[in-house]
Amino acid sequence: MVDFANPVRPSERIGNADRDAAVGALTQAREEGRLSPVEFEERVASARSAITWGDLAPLFSDLPRSVSAGGGRAGSGPADDNWGSSRALGGGWGATIMAFVPFLALGLFFIAGFAWGGWAWSWLFFLLVPIAGVIIYGPASQQRGRR
């Protein structure tokens, strides 16, 4: 669901389907008695002329979160783009790679231990986990998450 009141990327441009979803959420708020007819008309006019997600946020700031999140369609906005909005380097792909790194380290640990005839140095493969974490979720992750 789209959270119009708290967009993930407020400067990103929106499309007609997103504007229609916002009008749908405002219609739901009017039907619940949260908006007067005059307020509803003003907000719908603003929603129809919105250019970015940030333009829609003030229209939903005083409405309950369920109203602002309930009117949209699934996958219609930045809050639903979980695959691309990850703070990991590479978005969803980076997060997926990070999830597999511990299994890779464990496999290399056993392969090295059995194949090279000793376990003395095979534990070093477990250092892949924090190294990958620093690379994928490193210091620039805060800036990546704001885009």
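One table, with the values for the structure above:
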| quantity | calculated |
| --- | --- |
| Failed criterion for E39 (all others in (1) closer than 16 Å to P58 by Cβ; (2) exposed (fewer than 14 other Cβ atoms within 10 Å of the Cβ); (3) more than 25 Å from the chain's Cα centre (by Cα) hold) | (2) |
| Residue selected from the stretch 114-130 under the condition surrounded by 12 or more Cβ atoms within 10 Å (Cβ to Cβ) and hydrophobic (A, V, I, L, M, F, W, C), by the criterion farthest from A99 (Cα to Cα) | W119 |
| Residue in the stretch 64-86 that is modelled with pLDDT of 75 or more and either surrounded by fewer than 17 Cβ atoms within 10 Å (Cβ to Cβ) or not basic (K, R) (or both) present | yes |
| The stretch 19-34, subset touching a Lys or Arg at 6+ places or on another chain (Cβ under 7 Å) and buried (at least 20 other Cβ atoms within 10 Å of the Cβ), residue farthest from V8 (Cα to Cα) | L26 |
| Residue, surrounded by the most Cβ atoms within 10 Å (Cβ to Cβ), within the stretch 2-18, restricted to residues that are among the hydrophobic types (A, V, I, L, M, F, W, C), part of a loop (DSSP other than H, G, I, E, B) and over 11 Å from the mean Cα position of the chain (by Cα) | F4 |
| Single residue of L89, L56 found to be under 21 Å from the mean Cα position of the chain (by Cα), modelled with pLDDT under 90 and assigned to a helix (DSSP H, G or I) | L56 |
| Failed criterion for A50 (all others in (1) at pLDDT below 90; (2) in a loop (DSSP other than H, G, I, E, B); (3) crowded, with 18+ Cβ neighbours inside 10 Å hold) | (1) |
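The values are calculated or read from the model by the stated rules, or taken from the named source; none is laboratory data. The structure displayed is predicted, hence computed values, not measured ones. Cβ coordinates were reconstructed from backbone atoms using ideal geometry, including for glycine residues, and neighbour counts include every protein chain displayed.
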